[in-house]
Amino acid sequence: MKKIEAIIRKSKFDDVKKALHSVEVNFFSYWDVTGVGNEKEGHVYRGISYSTSEIQRRYLSIVVSEPFVEKTINAILATAATDKVGDGKIFILPVEEAYRIRTGEKGNESLN
Amino acid sequence: METTILTVNNVWMMVCTTLVFFMHLGFSFLEIGLTRQKNTINILFKNFFVITVGLLLYCIGGFNLMYPGFEDGDMGILKFAGFGITAPEGGMGFGYADGGYTWWTDFLFQGMFAATAATIVSGAVAERIKLSGFMLFAVLYVGLIYPIVGAWKWGGGFLDAWGFYDFAGSTLVHSVGGWGALITIYLLGARIGKFDKDGKPKALPGHNLPIASAGVFILWLGWFGFNGGSVLSADPELTSLTLVTTSLAAAAGGVAAAFFSNILYKNFDLTMFMNGVLGGLVGITAGADQMSPTDAILIGLIAGIIVVLGIALIDKLKLDDPVGAVAVHLICGIWGTLAVGIFGAMAGFDQFLVQLIGVGIVGAFCVVTSFIILMIVKSTTGLRVDKDEEIRGLDLSEHGMDAYADFRINEG
């Protein structure tokens, strides 16, 4: 089992979600995050220029069994890219164990 | 016939009264929108305070201080006709004010104006003034300073005798508020974070520009009453001309500010557009019944440019005016007053000189009295909240309240 964490543009979220569903990754969590990075957005307010390094992104956390890892990564790579700086990152982490709370099932069974 | 004319006039004047009242919502929205979320309750509280207490003060003494009944030719400076308001004999008849309005309407229309002077100050000092200090300042400024200055012109005092002209209050309302704002922000100091260590101005963007925009549209609407009512009757020609000049100046001011600031700063700044509209409105106010449409457009265009330069000047002087009140109300108020001597039916060097003297005298009086009042405030209630309170926001530190409890915005 692996946990796939992805930071993506909010504007790409719907495409990524659709692509994940199409490879039968139907369960995952996400939340909105603020980060710091290379991308700077120029602003002007009442004659004063300023830039903010605060970047708004969406953070996905997806736990899948081994056969789904490649498919999940490819789905995100194919849909989250705009080829501009700031498209985000994907991280793969090992997961020791998983349980479904309702039934007590564990391992791959608990993920379906 | 006389009753009919009085009725028609009086209805118009009461409509204008309600429009001027509505301006207090406009000011509130503008101030909220151009400041940060954490100070919203505080700004609304101040605006409620100003209109409620302002109206009561005007009833208790302000009206009789502003319209004390100077004798012709006595060059009145200060006179008080007593506490409270009681309609005089004949105050409801055609004989009062040439059938323009009743005495009750007179009181309420002028009362709606009175609080405006402190409302102008409220925006400039936002986000760091101590609430109790502001309340004390507002009571003294609306209760005493505004009516005393008003008496010099509208009450038939010495400025009126000299031929000084201020139709609806570029000086008497807007500059009086603007001077108070300037002195207060000078003594108050800038908000934390407005200037960096090297003294370079930094942007503290307002948190709700849709609300600020609504405020400006409401103010424009209210100005139909502010200027239209200053005709002091429903005179068909003068009221319609006044509404035309008022609107054209507002439009020209907005356009000038939007494009001039684009030339300077390379962006289309909505807040400059809004301030330009207001600058045009303040600019036309002194001579709205004296100008041709072309004059009004020129006054507005120049006001729009003045606003943009004025906002930059305030930053350069290391002063902090979150809503641009000094540029809009003081600088454009002075411009509008002087414009009566430059454009329109009254233009002429002598008139210009009288306008200049009026601006100078009112300015000097307001600067000195504001300074004295603020020294009193400083030594009693205190003027500024402490650093921690300012950082937490005045909504929490002064009121213990949230403006937007349980509210969040989903960004795209």
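Quick one: how many residues across the stretch B:204-232 are within 14 Å of chain A (Cβ to nearest Cβ) and outside any loop (DSSP other than H, G, I, E, B)?
Matching residues across the stretch B:204-232 total 2.
Filter the stretch A:45-56 for residues that are within 11 Å of chain B (Cβ to nearest Cβ) and surrounded by 17 or more Cβ atoms within 10 Å (Cβ to Cβ) and give the result.
Within the stretch A:45-56, A:Tyr45, A:Arg46, A:Gly47, A:Ile48 qualify.
Identify, by number, the condition in (1) buried (at least 16 other Cβ atoms within 10 Å of the Cβ); (2) within 14 Å of chain B (Cβ to nearest Cβ) that A:Lys2 doesn't meet.
Exception for A:Lys2: condition (2).
Can you pull out the helices (runs of 4 or more DSSP H) entirely within the stretch B:39-133 that have at least 1 residues that are farther than 25 Å from B:Ser175 by Cβ?
Of the helices (runs of 4 or more DSSP H) lying wholly inside the stretch B:39-133, those with at least 1 residues that are farther than 25 Å from B:Ser175 by Cβ span B:40-57, B:103-114.
If you check B:Gly400, B:Gly360, which single one turns out to be modelled with pLDDT under 95 and loosely packed, with under 13 Cβ neighbours inside 10 Å?
When all the criteria are applied, what remains is B:Gly400.
Filter the stretch B:357-412 down to residues that are of a type in the set (Gly, Ala, Ser) and over 21 Å from the mean Cα position of the chain (by Cα) and give me whichever is nearest to the other protein chains (Cβ to nearest Cβ).
B:Gly412
With the requirement that a residue be away from chain A (no Cβ under 13 Å) and buried (at least 24 other Cβ atoms within 10 Å of the Cβ), what does the stretch B:305-324 give you?
B:Ile306 - this is the single residue of the stretch B:305-324 that is away from chain A (no Cβ under 13 Å) and buried (at least 24 other Cβ atoms within 10 Å of the Cβ).
Out of all the residues in the stretch A:10-42, which are more than 14 Å from chain B (Cβ to nearest Cβ), of a type in the set (Gly, Ala, Ser) and exposed (fewer than 12 other Cβ atoms within 10 Å of the Cβ)?
Selection gives A:Ser22, A:Ser29.
Helices (runs of 4 or more DSSP H) wholly in the stretch B:146-203 with at least 2 residues that are surrounded by 24 or more Cβ atoms within 10 Å (Cβ to Cβ) and of a type in the set (A, V, I, L, M, F, W, C) - which ones?
Helices (runs of 4 or more DSSP H) meeting the threshold: B:146-153, B:176-188.
Within the group B:Thr35, B:Thr18, B:Thr40, which residue is surrounded by fewer than 18 Cβ atoms within 10 Å (Cβ to Cβ), modelled with pLDDT of 95 or more and either of a type in the set (Ser, Thr, Tyr) or closer than 27 Å to B:Phe273 by Cβ (or both)?
Only one candidate passes the filter, namely B:Thr18.
The values are calculated or read from the model by the stated rules, or taken from the named source; none is laboratory data. This structure is a prediction, so every number in the text was calculated from the model and none was measured. Cβ atoms come from the backbone with ideal geometry, glycine included; neighbour counts cover every protein chain shown.
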